Amino acid sequence: MIPAAFTYQRASSVDEALDLAAQGGEDAKFLAGGHSLLPLMKLRLAVPEILVDIGRLGELSYIRDDGSHIAVGALTSHDEVATSGLLASELPLLAHAAGQVGDPQVRHRGTIGGSLAHADPASDLPAVILALDATLVARGPSGSREIGAGVFFRGLFETELQPGELLTEIRIPKPQAAGWSFQKFTKRAIDWAIVGVAVQGDSVALVNMGQTPVRASAVERALASGAAPREAAAQAAQDTSPPEDLNAGRGYREHLARVLVGRALEESRSRA
Amino acid sequence: MKVSVTVNGSQVAAEVEDRTLLVHFLREQADLTATNVGCDTSSCGACTVLMDGQSVKSCTVLAAQADGREVVTVEGLATSSGEMHPVQRAFRAEHGLQCGFCTPGMVMATVSLLAVNASPTEEQVRSALEGNLCRCTGYHNIVRAVLAAARDGATASERRPG
């Protein structure tokens with residue numbers, strides 16, 4: 001399987017990438033590690049006419065302590081996130097979850113920005129940055145803007161990013177509450193989560209329980225009013241609309257959400 | 001477009017379509033056919049090679065993305081006099097293969113693992129090979145081979161491309 005024909009353009013700076021994307025208009029897509037985009041292109045589910053390769057923009061690959069928050073360049077690979085000493089101490093939830101994405105080969109190539117911009121609700125990192133209340137920084141022809149994780153994900157594979165806009169940085173506040181957990185249920189190690197959950201303190205976000213990653217608001221409300229973890233976890237499926245597919249029906253996903261949220265809250269509290 | 005990749009220490013340059021995948025560049029332009037196309041969907045790992053020292057699935061990398069980089073395939077592991085790499089020796093000694101189709105990818109994933117973790121536990125080995133499937137299900141001997149290679153000190157410094 002090979003992708004449909006396209007024109008490959010390699011950017012040597014963010015400015016050049018934005019120029020190339022502006023010239024390409026709606027026919028252009030950014031290529032980072034390519035581990036979400038290239039498989040879709042092979043299946044003809046994505047057929048961009050122009051790929052603007054941003055894979056060599058070292059200026060977008062970093063993990064930096066900015067005092068109140070950690071800044072992660074969009075092009076930082078999952079492997080770099082997973083093995084970062086700074087993240088292991090400041091944001092262990094993110095480092096751990098990045099180490100659970102795909103397999104080692106995928107983590108060598110896949111990037112945090114690529115995963116978020118792709119916005120697959122079955123991916124791990126969108127729910128993680130939602131639980132962490134991150135802010136995403138995007139650059140476009142008219143400058144830079146910040147987008148809260150809570151409004152970034154608009155729908156299935158759909159984000160707030162406009163055509164020609166490039167996700168450049170993820171800013172994650174240092175958590176106030178130390179406890180965290182990441183749980184996912186898969187049939188094989190490399191599969192996408194059938195359901196997953198990310199917990200930081202009393203923030204809870206779900207993987208693959210709707211068209212976007214979602215906060216388990218009912219669980220969070222129950223925790224805020226003093227419910228025990230298992231009691232709060234019983235609310236995990238409330239207000240969700242999980243997909244039905246070959247792996248699981250709605251009822252099974254709802255069950256998994258309750259079980260995994262319960263485990264995650266208990267693990268999180270044991271680490272607090 | 002013109003793509004030039006250092007493959008197993010030698011420069012391989014060719015004019016290819018923009019959509020050419022690295023695995024096809026290796027098999028058709030570099031004429032190195034040990035790297036197999038298995039699933040073609042970045043699941044099975046049969047096409048694993050090293051790019052700038054890290055394992056990648058070459059069916060999910062464009063040749064254009066490898067332009068100017070260093071790639072090592074399983075053909076590049078043995079010395080020029082034909083002496084096998086310690087990981088290859090261990091796979092043979094421990095019978096870490098059955099039909100052999102997944103073996104080039106398993107070996108390259110192992111070389112990549114041992115470069116960053118010279119003495120992995122069995123659990124670490126199993127988790128490092130998550131991205132490589134063996135349809136003969138010969139996993140036990142593969143894991144044994146990786147552990148044996150680690151005991152023999154098959155670290156990055158012994159990697160001998162070319």
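Can you spot a residue in segment B:134-154 that is under 30 Å from B:Glu17 (Cβ atoms) and surrounded by fewer than 24 Cβ atoms within 10 Å (Cβ to Cβ)? Checked segment B:134-154: no residue is under 30 Å from B:Glu17 (Cβ atoms) and surrounded by fewer than 24 Cβ atoms within 10 Å (Cβ to Cβ). Of all residues in segment B:115-133, those that are assigned by TED's automatic domain parsing to the domain that holds B:Gly100 have Cβ atoms under 7 Å from Cβ atoms of residues that are outside any loop (DSSP other than H, G, I, E, B) and modelled with pLDDT under 95, 6 or more apart or on another chain, in B:Ala115/B:Ala156. Picking from residues in segment B:96-136 that are aliphatic (A, V, I, L, M) and closer than 18 Å to B:Asp40 by Cα, the one that is farthest from the chain's Cα centre (by Cα) is B:Leu133. In this structure, B:Ala64 does satisfy being closer than 18 Å to A:Leu37 by Cβ, touching a residue at least 12 places away in the same chain (Cβ under 8 Å) and either at the interface with chain A (Cβ under 10 Å from one of its Cβ atoms) or part of a loop (DSSP other than H, G, I, E, B) (or both).
What number of residues within segment A:1-28 satisfy the criterion of being within 13 Å of chain B (Cβ to nearest Cβ) and under 17 Å from A:Glu165 (Cα atoms)? If you could, list the steps in order and put the result at the bottom.
Step one: list which residues in segment A:1-28 are within 13 Å of chain B (Cβ to nearest Cβ), which gives A:1-12.
Now drop any that are not under 17 Å from A:Glu165 (Cα atoms), which leaves A:9-12.
Residues in segment A:1-28 being within 13 Å of chain B (Cβ to nearest Cβ) and under 17 Å from A:Glu165 (Cα atoms): 4 in total.
Can you say whether B:Cys102 is within 14 Å of another protein chain (Cβ to nearest Cβ) and more than 26 Å from A:Ala82 (Cα to Cα), as far as the supplied structure shows? Yes: the conditions hold for B:Cys102.
Yes/no per residue for (1) outside the structural domain of A:Asp27 (by TED's automatic domain parsing); (2) part of a strand (DSSP E or B); (3) under 23 Å from A:Ser217 (Cα atoms):
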{"residue": "A:Gln105", "(1), (2), (3)": "yes, no, no"}
{"residue": "A:Ser115", "(1), (2), (3)": "yes, no, no"}
{"residue": "A:Asp120", "(1), (2), (3)": "yes, no, yes"}
{"residue": "A:Val128", "(1), (2), (3)": "yes, no, yes"}
{"residue": "A:Asp133", "(1), (2), (3)": "yes, no, yes"}
{"residue": "A:Leu167", "(1), (2), (3)": "yes, yes, no"}
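Could you grab me the full set of residues in segment B:27-55 that are more than 10 Å from chain A (Cβ to nearest Cβ), without any contact (Cβ under 8 Å) to a residue 60 or more places away in the chain and either closer than 13 Å to B:Gln65 by Cα or in a loop (DSSP other than H, G, I, E, B) (or both)?
Filtering segment B:27-55 down to residues more than 10 Å from chain A (Cβ to nearest Cβ) leaves B:27-36, B:38, B:46.
Right, trim to without any contact (Cβ under 8 Å) to a residue 60 or more places away in the chain and you get B:27-33.
Result: B:Ala30, B:Asp31, B:Leu32, B:Thr33.
Within segment A:12-31, is even one residue buried (at least 17 other Cβ atoms within 10 Å of the Cβ), part of a loop (DSSP other than H, G, I, E, B) and in contact with an Asp or Glu (Cβ under 9 Å, 6 or more places away or on another chain)? Among the residues of segment A:12-31, not one is buried (at least 17 other Cβ atoms within 10 Å of the Cβ), part of a loop (DSSP other than H, G, I, E, B) and in contact with an Asp or Glu (Cβ under 9 Å, 6 or more places away or on another chain), which makes the answer no.
The values are calculated or read from the model by the stated rules, or taken from the named source; none is laboratory data. Predicted, not measured: the structure shown is a model, and the values here were computed from it. With ideal geometry, Cβ positions are generated from the backbone for all residues, glycine too; neighbour counts draw on all protein chains shown.
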